[in-house]
1. Provide the percentage of antiparallel DSSP beta bridges, counting only those with both residues in region 1-143; round to the nearest 5.
2. For region 103-117, take each phi angle, set θ = phi - 60°, evaluate the Karplus expression 6.51 cos²θ - 1.76 cosθ + 1.60, and give the result in whole Hz per residue in order, putting x for glycine and proline.
3. Quick one: net charge of Gly200's neighbours, Cβ under 10 Å, K/R +1, D/E -1?
4. Expressed in nm to one decimal, what extension gain is obtained for the pair Thr168 and Ser35 from 0.36 nm per residue of sequence separation less their Cα-Cα distance?
5. Less than 15 Å Cβ to Cβ from Ala91, Lys/Arg counted +1 and Asp/Glu -1: what total charge do the surrounding residues give?
6. Given the DSSP H assignment, sum -39500 (n - 2.57) over each helix run of at least 4 residues in the chain and divide by its residue total; what's the result at 222 nm in deg cm²/dmol, nearest 500?
7. Figure the gain on full extension for Ala59 and Leu178 (residue separation times 0.36 nm, minus the Cα-Cα span) and round it to one decimal in nm.
8. Taking the Cα centre of the chain as the origin and placing charges on Cβ (Lys, Arg +1; Asp, Glu -1), which of His219, Ala95, Gly121 is farthest toward the positive end of the dipole?
Amino acid sequence: MKTIGLLGGMSWESTQTYYRMLNQGVAEKLGGFHSAKIVLYSVDFAEIETLQRQGDWEAMADILANAACSLAAAGADFLVIGTNTMHKVAAEVEAASGLPLLHIAEATADILAQQGIERVGLLGTQFTMEQPFYRQRLEARGIEVIVPEPEQREVIHRVIYQELCRGTINPASKEAYLDVVATLSARGAQGVILGCTEIGLLINQSDTPVALFDTTEIHAQRAVAWALGDGVAS
């Protein structure tokens, strides 16, 4: 079994979900008392959030690159960044560490392609919804990406940072998210990507008939496959 290098803390609310899913995934595959081999570096999200607001992606890349180097030194075989937004600096992190990186958008694109999805809605932070670093990975696979309207994007973003990253689950926010999901479906989306690792804390497939693609779950499942020797670079 390979050792997973998990860059977490962005936020720790979703990092604990990753930890649970990774261990459960290995246990399901191998049985018995098996669990995942994980090296975790959990950053202080306050530093990252401040730099996000300032738009200083170079500084954020440095923080995560240094953390990734620590994971490499600790014996990690590959990297998992436990957040969608920070994949904006994935290339810098991978290059600095010298380790293969499992990209969350690529893993998601694989699942969408397998299911024949050609047009998909995307929820996430405003960075993820509005900047090209995430969408272009899907569009390169021939998948059209549609995002909520500006006012809806503001609501999605606000709930992530002011509620979900702080462990707050608000029923009114859940209804607002489900309304956005329904709107994206009405605009022709064949499914909706939960493109922030906290969104799965608020809504899940049992809440809507629209197909949801939870990137945390997809990412964790692929990481388990890599850890057990399926597809990871040597």
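1. So the antiparallel bridges amount to about 0 percent of the total.
2. 7, 5, 6, 5, 4, 5, 4, 4, 5, 4, 5, 4, 8, x, 7
3. Here the charged neighbours net out to -3.
4. Additional length available on full extension: 45.0 nm.
5. Here the count lands on -3.
6. The helix contribution divided over the chain gives -16000 deg cm²/dmol.
7. Difference between extended and current length: 39.4 nm.
8. Towards the positive end, the residue furthest out is His219.
The values are calculated or read from the model by the stated rules, or taken from the named source; none is laboratory data. No experiment lies behind these values; they were computed from the predicted model shown. All Cβ positions, glycine included, derive from the backbone under ideal geometry; neighbour counts span all protein chains shown. Ligands, DNA and RNA are excluded from the accessible area calculation, which covers all protein heavy atoms including side chains. Shrake-Rupley method; radii C 1.70, N 1.55, O 1.52, S 1.80 Å.
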